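Notes follow the structure.
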Amino acid sequence: MAKTASFKHPSLTALSAACAAMVLAGCSMIPKYERPAAPVASDWPALNAAAGGTSFAVPVAATGVAAADIEWQTFFSDPKLRLQIDAALRNNRDLRVAVLNIEQARAQYQIRRADQLPTLNAAFTGSRTPTAGGGGGITNVYSAGLAVTAYELDFFGRVASLKEQALNQYLATEEGRKSAQIALIAQVANTYLSLLADEELLAITQQTLDTRVESLRLGKMRFDNGVTSELDYRQFESLLESARVAYAQTVRQRALDQNLLTLLLGQPLTGDLAVALPAGKGLADTPMMADVPAGLPSDLLARRPDVRQAEQTLLASNANIGAARANFFPRITLTGTAGSASNRLSGLFKSGSYGWTFAPQLILPIFDFGRNSANLDSANVGRDIAVAQYEKSIQTAFREVADALAGRATLGEQLRAAQAQANAETVRYKLAGLRYENGVASSLDALDAQRSLFAVQQTVVQTRLAQLQSQVTLYKTLGGGWKDEAVTPPAQPASR
């Protein structure tokens, strides 16, 4: 085998020690990381009512167990809902993709980490070249042995920076999976509550429809007997048809919510997963969820996986600058082989055929038409973009929690007022019906009472749904629901 180094071959131990010393002597070009200041207020916004109006206190107590420390099995007390969340965590395809993204990012990190160490390969080569000076002769060289090819001595931290970037990207995908789980749990809970509201609205609409069918029958009798005019009869008929319109809309909305819940769960809503309200029950009978303290805005930096994901992406962009800076400095690579060499294939493994090569290479960039400068500029801009995205994630998290707190502070009073209005309309409807049947009041009073009662009953259900969903949203926005043990990753092929 041809020897490309004229000095005496060093021992393996001395060579390894020299390489280790050179690698350890390498420096890092990664800029010092400083976490950007959170561009939000230090406290949650207060709800300011008009002068003389009712004030609403925003509960922001920092005591108690944080939402991120409350498992979803503890937060949700409805057994049916817990079954559905468990099914979604096992079967939802979006969450499965998020888990597989982690595996892919981990593999990329392992590739970058392996670049820091020399790769030892078994190599067999053969070459035929014309003899120098002509004459028609051909020189044959065959070799077989172990080879280290183009191993980079990372003096300026280029390879280490790329490894750091891959590590941060891997950690970002971990946080992304947690965010996906939080969003999935909240979406399943909100859709489940919507489906229960659809069931209750459907029962109310069916009851209203039956009442209006009977009212139309009585109105028709009074019209046929000349007691009332056709105008009164047509008003009863119009009210009945409006109830049928509402019934069809509610049936359609229930079907849409069922389809969405089926998609989220990744399986049909059959058996224990079927959603139906018991007879005479409504959202008011749904088991309540645990209350969670809001804490302080600064807690979002440590509790929200999406904020941590944005910060890991920022760290990856910061590490990429280090790799771009290192491109301006010399790059030293080592290539070496050791094994048998012969000018004839038949003598390749005979005694005395041992040979080796050691070929270091140093590449110093001189003129690259601005490629390295443009690469560094791109890396710096990428970091600035990541900073803006990180700050935006904090602002978004702050806004989401503030919205949920505003809902928690006001929806309780709104529901109380709506329920009181419904009670008043119920009494009014009964009195108007009695007055109409006894000829004391016109049909207009009875029709208006029917219409108002139906509308306020719908409002009560919708307000109660909004209140329950605001509790789920607050739990989600505070980072609750990402406990790792709740996720069952998809099974991997046996060949892996």
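Tabulated values for the structure
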read-out	value
Hey, residue 218 open to solvent by 50 Å² or more (accessible area, probe 1.4 Å), at pLDDT 95 or above and either in contact with a Ser or Thr (Cβ under 6 Å, 6 or more places away or on another chain) or assigned to a helix (DSSP H, G or I) (or both) or not	no
Matching residues in the range 406-432 - criterion: being more than 27 Å from residue 468 (Cβ to Cβ) and either open to solvent by less than 20 Å² (accessible area, probe 1.4 Å) or touching a Pro at 6+ places or on another chain (Cβ under 8 Å) (or both)	432
Residue within the range 388-397 that is of a type in the set (Asp, Glu), under 25 Å from residue 38 (Cα atoms) and out of contact with any strand residue (DSSP E or B) (no Cβ under 8 Å at 6 or more places or on another chain) present	yes
Residue count for the range 336-387, restricted to those that are modelled with pLDDT of 80 or more and outside any strand (DSSP E or B)	24
Selection within the range 83-125 - open to solvent by 70 Å² or more (accessible area, probe 1.4 Å) and among the aromatic types (Phe, Trp, Tyr)	124
Hits in the range 299-323 (condition: small (Gly, Ala, Ser), surrounded by fewer than 22 Cβ atoms within 10 Å (Cβ to Cβ) and over 18 Å from residue 388 (Cα atoms))	302
Candidates 256, 264, 269, filtered to the one that is part of a helix (DSSP H, G or I), surrounded by 16 or more Cβ atoms within 10 Å (Cβ to Cβ) and at pLDDT 80 or above	264
Top-ranked residue in the range 457-477 [being under 22 Å from the mean Cα position of the chain (by Cα) and open to solvent by 10 Å² or more (accessible area, probe 1.4 Å); ranked as nearest to residue 200 (Cα to Cα)]	469
Selection within the range 224-253 - of a type in the set (Gly, Ala, Ser) and open to solvent by less than 50 Å² (accessible area, probe 1.4 Å)	243, 246
Residue count, the range 88-146 (criterion: among the β-branched types (Val, Ile, Thr) and at pLDDT below 85)	6
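The values are calculated or read from the model by the stated rules, or taken from the named source; none is laboratory data. Just so you know, these numbers come straight off a predicted model, no measurement behind them. Reconstructed Cβ throughout: ideal geometry from the backbone, glycine too, with neighbour counts over all protein chains shown. To get the accessible areas, we keep the full protein, side chains included, count just its heavy atoms, and leave off ligands, DNA and RNA. Shrake-Rupley method; radii C 1.70, N 1.55, O 1.52, S 1.80 Å.
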